[in-house]
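Have a look at the structure below before the remarks.
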Amino acid sequence: MDGSTAAAAELEAAERVVMRWDSTASASYGGGGGGGDEQMLFDGGGDRVEAERFLRAVDDLRRLAPPSPATVGSPRRTSSASGGGGAASNAVQVAMARLEDEFRHVLSSRALDLEIEALADLTSLSMCSDRTNSADVAEEAAAAAAADEDDSVSSSVGRRSSYRSLRSIREIDLLPADAISDLHAIASRMAAAGYGRECVQVYASVRKPAVDSALRRLGVEKLSIGDVQRLEWEVLEAKIRRWIRAARAAVRGVFASERRLCFLIFHDLPLSSSTITTATHDAPFAEAVKGAALQLFGFAEAISIGRRSPEKLFKIIDLHDAIADLLPDVSDIFAASKAGESIYVQAAEIRSRLADAVRGILSEFENAVLRDPSKTPVPGGTIHPLTRYVMNYSSLISDYKTTLSELIVSRPSACSRIAPEGNENAPSFPDLDLADPDSQLPLAAHLIWIIVVLEHNLESKASLYKDAALSHLFVMNNVHYIAHKIKDSPELRGLIGDEYLKQLTGKFRLAATRYQRTAWLKILNCLRDEGLHVSGGFSSGVSKSALRERFKSFNAAFEEAHRVQSAWYVPDTQLREELRISIAEKLLPAYRSFLGRFRHHIENGRHPELYIKYSVEDLETSVTDFFEGCPPSLHNRRRSHG
């Protein structure tokens with residue numbers, strides 16, 4: 001009897017403590033010791049006595065009050081609807097309502113301001129030191145293209161792709177330690193009383209806006225898939241760069257910190273949420289961040305299913321690598337719980353689709369080179385814009401070797417090595433003749449195939465020139481450019497290999513030989529003795545009329561060559577000089593010898609200057625005009641022939 005009386009007294013005392021803080025009652029209930037709306041138990045101040053007394057009272061109610069079905073559910077709904085549930089049952093509901101308010105108050109009022117700037121360095125922690133930021137990369141690529149007179153593949157393509165996770169999660173304190181302790185104390189009482197769902201809902205209602213705000217401050221925009229796919233590519237490139245930076249900070253900073261906060265508050269508590277019947281301590285975290293995470297990865301998803309075109313390749317690789325780099329962290333943060341597992345699954349699927357997009361774009365690029373439609377010859381036989389574009393693109397492909405070697409796992413298919421549709425007269429492509437195909441990466445085979453296709457296309461474009469010599473010069477210029485782009489890029493050379501590079505060197509030298517033979521054989525034939533000598537009767541010797549005609553033919557042929565070939569262009573300085581030297585080595589000795597043998601026959605006649613118009617030095621000087629891309633006046637080059 002005494003024990004039961006003592007328990008009843010203890011229960012009544014607990015009810016009195018709780019009812020003084022009835023936040024569900026009318027104003028008349030709030031009179032007395034501190035039920036005003038402005039006064040909170042957990043206000044972060046130094047006086048903890050009342051808060052501790054209230055928590056002990058809640059514990060006593062749970063320990064001493066008989067269980068009742070009415071004590072489970074929304075504290076506000078059940079307290080207002082119950083009239084005969086008993087004083088203890090009503091007190092429990094009042095306690096839960098008060099704790100719900102206190103929980104919301106502490107979460108809102110004690111939250112620390114998230115300094116987005118503190119997350120800024122998370123954007124580069126996973127990048128190897130040899131990778132520059134996107135803005136620098138854009139400037140570097142643009143400067144290189146300008147210096148090389150190249151058409152830009154893309155003004156903002158990245159260079160070396162080498163993202164690898166450094167497990168760089170940074171958990172930031174979102175609330176002070178004492179506030180977290182209070183929240184855990186409140187949540188444990190609510191969960192024990194069967195009000196875990198309400199606690200989760202309050203948590204999500206406060207933290208979700210905070211997460212959304214953090215992502216906005218990081219620059220994450222609310223864009224639908226349709227919005228993303230309607231953007232111009234130049235705009236989208238900039239957004240991809242910003243998204244990569246924001247995603248690292250969001251995953252490794254914002255989401256990681258939210259998960260830690262949730263764990264500290266809810267670990268080991270029996271919870272349930274509005275979407276999960278039996279929830280773990282991760283359920284509040286999932287409800288708080290899932291919307292923001294879906295929005296974040298929705299941008300990458302839109303890119304992964306968008307239209308494919310060659311200029312998108314390198315930014316899509318950047319995006320793929322960024323997500324691949326984040327996946328271990330996304331797994332740590334989300335995949336450990338069923339509540340957040342769908343976020344990890346979504347990110348992994350996006351990575352897979354981006355990988356498919358990379359493979360598809362490479363195939364599209366190969367087809368674009370194969371079917372390039374340009375039918376107008378470039379002036380002067382210089383390097384074709386297609387050659388510059390393809391080789392710059394190939395160099396960038398080699399810069400992304402690490403990722404592409406993982407993604408490109410099959411060699412070019414046999415069905416791709418056929419003549420373009422609708423062009424039955426085009427010669428069939430050569431087979432891919434690789435030195436050691438078993439030891440060569442599939443990516444290397446694709447690069448060689450791209451160059452094979454480019455060469456074939458260039459041969460077709462060379463046939464557009466009416467002058468056969470210019471056709472050979474065009475092939476020489478372009479194959480020489482291809483070879484030197486490979487030599488100048490260690491990554492590209494490593495993939496292509498020296499064996500194929502040797503073949504290219506042989507091809508441009510052969511084209512140079514064919515040019516010289518075609519362009520100069522007729523001129524050099526003018527300096528031969530055949531047809532100049534006469535014999536018979538009492539006279540034998542040189543036919544002066546034939547000799548005069550021969551000099552006139554040489555002069556006319558050389559002047560035409562000078563006029564035409566000075567307008568042709570060899571952009572590589574060293575190749576241009578080598579070609580001039582080679583011409584001079586054939587032309588000057590032949591002309592000097594011809595002059596030596598026949599000069600006196602002309603000079604002994606009338607008006608020798610009409611036939612011997614040039615000295616050897618004149619020709620030597622005139623040869624330096626060749627391949628400059630602009631014809632000078634030959635008369636300005638002439639010296640006295642003595």
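The values are calculated or read from the model by the stated rules, or taken from the named source; none is laboratory data. Keep in mind that what you see is a predicted model, and the values were worked out from it rather than measured. FYI the Cβ positions are ideal-geometry reconstructions off the backbone, even for glycines, and counts take in every protein chain you see. These area figures cover heavy atoms from the full protein model, side chains too; ligands, DNA and RNA do not enter into them. Shrake-Rupley method; radii C 1.70, N 1.55, O 1.52, S 1.80 Å.
Laid out as a table, the results:
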| read-out | value |
| --- | --- |
| Filter result for LYS485 (part of a helix (DSSP H, G or I), of a type outside the set (Val, Ile, Thr), within 30 Å of PRO442 (Cα to Cα) and open to solvent by 20 Å² or more (accessible area, probe 1.4 Å)) | yes |
| Filter result for the condition that a residue is free of Cβ contacts under 8 Å to residues at least 40 places away in the same chain, open to solvent by less than 20 Å² (accessible area, probe 1.4 Å) and assigned to a helix (DSSP H, G or I), over PHE551, PHE508, PHE558, PHE594 | PHE508 |
| ILE612, sole failed condition from (1) at pLDDT 95 or above; (2) β-branched (Val, Ile, Thr); (3) assigned to a loop (DSSP other than H, G, I, E, B) | (1) |
| Selection status of ASN457, outside the structural domain of PRO571 (by the TED database) and touching a strand residue (DSSP E or B) at 6+ places or on another chain (Cβ under 9 Å) | no |
| Condition check for ALA444: under 24 Å from LEU396 (Cα atoms) and either open to solvent by less than 10 Å² (accessible area, probe 1.4 Å) or modelled with pLDDT of 95 or more (or both) | yes |
| Checking GLY494 against (1) over 30 Å from ALA557 (Cβ atoms); (2) surrounded by 18 or more Cβ atoms within 10 Å (Cβ to Cβ), the condition it does not meet | (2) |
| Verdict on TRP520 being surrounded by 14 or more Cβ atoms within 10 Å (Cβ to Cβ) and more than 43 Å from the chain's Cα centre (by Cα) | yes |
